[in-house]
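The values are calculated or read from the model by the stated rules, or taken from the named source; none is laboratory data. Bear in mind the structure is a predicted one, so any value in this text is a computation, not a measurement. A quick note on method: Cβ atoms are made from the backbone with ideal geometry, for glycine too, and the neighbour counts reach across all protein chains shown.
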Amino acid sequence: MIPFTKLNLGFANAENYRKRENKELLSKYFVRDEFLERLLDHNVYFLVGEKGTGKTAYSTYLRNNDYRKKKAFTYDVRQTEYQKFLELKRLGHLPLSQYSEVWRTLLLILSASSILQESGTPEFLRKFTKLNAIKKAIDEFYDNAFAPEIVKILSFMESSEIAASLIAKYSGVEGNTKLTKKTETNDSNTTFPTNLLGIRQSFEAALESLNLQQDQIIFIDGIDVRPSDIAYADYFQCVQGLIGAVWEINNDFFADIRDSKGRIRVVLLVRPDIFLRTGLHNLNTKLRDNSVFLNWSTADKDYRS
């Protein structure tokens, strides 16, 4: 008999299970329940639950295991990302209407870079030339040191003129290819949205051209906690834009891609109070049809079972 004090009950913070040495522990303890099965549904775009209900545990389990042949990736929104958005706003690139557009482009880049991380073999890139052109543009921008992180992608988008030029260079599209990453970007209120649209359309074309063998799930985590030095209004504008972008990219773009066995989907982990304040159209319907809601409350007469 093992004393209670020596029992290994795992970690309270599920992010610890992303470490290689802890993956097996989560697989041992995790209960594969109806919430997990529901999360695999192509129509689910939001994982909703109060802080501590297990949202990160579900996304991490799917990230660690190719459960039912689904490939999952997890990315965290942290303090640095909010500061990047504030910098874009300070430069005049980010009116309220543009938050969702920036996030949508960022989610497309995350999706593409995740696929490259998993399947970017020379044979794969020769087959899908549009994605190969995107990869070459990113590699040149980062001197072949790119890592798929939200803050790095925001830097790519912040230098939108350079990014658009590099994409045009490798895609064979007319554009200014003389710019280098060392050039100071001086986007105006007009050129930034124009470059952003061009970048977004290039990534959409690359993703549309793919024929994937596995479903790809991109989990976005970390928006539950507002950094102490970020004003609530700035924080909520950023989060509201992200939630709108998740809905738009799934419903308007990924759902319409044809001729691919594997599907791409972005799933946002979010608290119910934040989700319900965003003003999405038909919010109750989206909560019912397009979300998994982690609710562990039970009646007093049922709790023993």
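Take the conditions crowded, with 18+ Cβ neighbours inside 10 Å, under 19 Å from Ile150 (Cβ atoms), modelled with pLDDT of 95 or more and β-branched (Val, Ile, Thr) and apply them to Val292. Does it pass? Here the answer is no, as Val292 does not meet what is asked. Of everything in the stretch 130-158 that is aromatic (Phe, Trp, Tyr) and not in a helix (DSSP H, G or I), the residue that is modelled with the lowest pLDDT is Phe146.
Assess whether Ala137 counts as being out of contact with any helix residue (DSSP H, G or I) (no Cβ under 7 Å at 6 or more places or on another chain), among the aliphatic types (A, V, I, L, M) and under 14 Å from Ser113 (Cβ atoms).
Criteria not met by Ala137.
Report yes if His93 is under 24 Å from Glu248 (Cβ atoms) and at pLDDT below 90, otherwise no.
Numbers: under 24 Å from Glu248 (Cβ atoms): yes; at pLDDT below 90: yes.
When the stated conditions are applied, His93 passes them.
Pairing each residue of the stretch 276-305 that is farther than 18 Å from Glu50 by Cβ and assigned to a helix (DSSP H, G or I) with any residue that is among the polar types (S, T, N, Q) and modelled with pLDDT of 90 or more, provided the two are 6+ apart or on different chains, yields C-beta distances under 8 Å for Asp289/Asn43. Mind checking which residues of the stretch 45-93 are in contact with a strand residue (DSSP E or B) (Cβ under 8 Å, 6 or more places away or on another chain), within 25 Å of Asp234 (Cβ to Cβ) and in a helix (DSSP H, G or I)? Within the stretch 45-93, Lys55, Thr56 meet the criteria. The residues of the stretch 56-104 that are surrounded by 16 or more Cβ atoms within 10 Å (Cβ to Cβ), among the hydrophobic types (A, V, I, L, M, F, W, C) and over 14 Å from Ser27 (Cα atoms), listed by number, are Ala72, Phe73, Val77, Phe85, Leu86, Leu88, Leu94, Val102, Trp103. Pairing each residue of the stretch 29-45 that is touching a residue at least 12 places away in the same chain (Cβ under 8 Å) and among the basic types (Lys, Arg) with any residue that is buried (at least 17 other Cβ atoms within 10 Å of the Cβ) and part of a loop (DSSP other than H, G, I, E, B), provided the two are 6+ apart or on different chains, yields C-beta distances under 9 Å for Arg38/Val44. Suppose the filter is surrounded by fewer than 17 Cβ atoms within 10 Å (Cβ to Cβ), touching a strand residue (DSSP E or B) at 6+ places or on another chain (Cβ under 9 Å) and of a type in the set (Lys, Arg); does Arg258 pass it? Taking the combined requirement at face value, the residue does not satisfy it.
Within the stretch 256-277, track down each residue that is closer than 18 Å to Ile220 by Cβ and under 18 Å from the mean Cα position of the chain (by Cα). Listed by number, the residues that qualify are Arg263, Ile264, Arg265, Val266, Val267, Leu268, Leu269, Val270, Arg271, Ile274, Phe275. Every listed requirement among (1) free of Cβ contacts under 8 Å to residues at least 40 places away in the same chain; (2) part of a loop (DSSP other than H, G, I, E, B) is met by Gln201 save one, (2). Out of the stretch 97-117, which residues are in contact with a strand residue (DSSP E or B) (Cβ under 7 Å, 6 or more places away or on another chain) and without any contact (Cβ under 8 Å) to a residue 60 or more places away in the chain? Scanning the stretch 97-117 gives no hits.
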